[in-house]
1. Pop out the ³J(HN,Hα) list for the stretch 176-190 in order, Karplus 6.51 cos²θ - 1.76 cosθ + 1.60 with θ = phi - 60°, rounded to Hz; leave Gly and Pro as x.
2. Write down the Å³ per residue value for the convex hull defined by the alpha carbon atoms of the stretch 56-212.
3. Considering only SER145, THR12, VAL196, whose Cα is most displaced toward the positive end of the charge dipole of the chain, charges sitting on Cβ of Lys, Arg (+1) and Asp, Glu (-1)?
4. Can you tell me how much longer the chain between GLU64 and SER142 gets when fully stretched, taken as 0.36 nm per residue apart minus their C-alpha distance, in nm with one decimal?
5. Give me the extension gain from ASN167 to SER124: residue separation times 0.36 nm, minus the current Cα-Cα distance, reported in nm with one decimal.
6. For the stretch 70-212, give the magnitude of the charge dipole about the Cα centre (Cβ charges: +1 Lys/Arg, -1 Asp/Glu; no others), in debye to the nearest 20.
7. Straight-line reach from LYS164: which lysines have Cα under 25 Å away, leaving out those fewer than 8 places along the same chain?
8. Once R0 is set to 22 Å, what does the formula 1/(1 + (r/R0)^6) return for the Cβ-Cβ distance between ARG29 and GLU205, expressed as a FRET efficiency to the nearest 0.05?
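The values are calculated or read from the model by the stated rules, or taken from the named source; none is laboratory data. None of the values given here were measured: they were computed from a predicted structure. Cβ coordinates were reconstructed from backbone atoms using ideal geometry, including for glycine residues, and neighbour counts include every protein chain displayed. Note: areas computed on protein heavy atoms with side chains; ligands, DNA, RNA excluded. Shrake-Rupley method; radii C 1.70, N 1.55, O 1.52, S 1.80 Å.
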Amino acid sequence: MGYKIISGRYETGTLSQQMGYNQLFGEERIQEKFDLYFHWFNIVHEIGHIILDIQKIDMNKVDEELFVNSFAVSYWRSVDTCNNLTKVKCMIEDILKCMPNLIPQEITFKEFFKSIWGTEQMNSVMMYGYFQMSCVSEAFKSNKSLSDLLLEAGYENIDESAFKPYNEEVNSKNANKVLSQCINNLNDVGVKINDVSIELVDNPEIQCCKPV
């Protein structure tokens, strides 16, 4: 079984489709922020989902999102040579500063989102956006290495020091380079992933991964 990552481009979206991202990221340098998040960071996030699927690991959805965001952060810590991960961290911090804290004081992040997952409350754009941004923020706080996370997924003795660094320009055209080098790096250390492709589409609201 193969997988396809479907990723919409901001620049080809309608004004209506772009509006939500303008509100989330801020209109200043919006193209740069969108590409950094969706065509750089999020590609590796989706590979995290693929690894869990290949290994047939069934997690609670909140735990899974925390895992794949931690996977993306730890991978980029190993290979990013352009300070892009720091840019993502700063961007997430700025976004969360501008959003109201939606978690009641008496409950933890994980407990709260597990309690509302699948409800109408979770389906609101504001709540889901807050959840995803908070997941990335939590991932940056984690001290787990990529080898630690891959051990949780069933892969032992992973030497991430063998990974080749990545220094390509961040844009939608290079999303496939992000994907191919990540897969090559993982394959080189025994995490075998085959038949994954990217389809760039015009609608920026479409960001997903599906089996094909």
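1. Coupling constants for the stretch 176-190: 5, 5, 4, 4, 5, 6, 4, 5, 4, 4, 5, 4, 5, 10, x Hz.
2. On the way: hull volume 22.9 nm³, N = 157.
Considering the Cα atoms of the stretch 56-212, their hull volume per residue is 146 Å³.
3. Value: THR12.
4. Numbers: separation 78, 0.36 × 78 = 28.08 nm, distance 1.46 nm.
Taking 0.36 nm per residue and subtracting the Cα distance, the gain is 26.6 nm.
5. On the way: separation 43, 0.36 × 43 = 15.48 nm, distance 3.62 nm.
Extending this stretch completely gives an extra 11.9 nm.
6. Details: 13 positive and 19 negative charges, 32 e Å.
So the magnitude is around 160 debye.
7. Partners found: LYS4, LYS33, LYS87, LYS89, LYS141, LYS144, LYS173, LYS177, LYS192.
8. Numbers: r = 20 Å, r/R0 = 0.91.
Given R0 = 22 Å and the Cβ-Cβ separation, E is 0.65.
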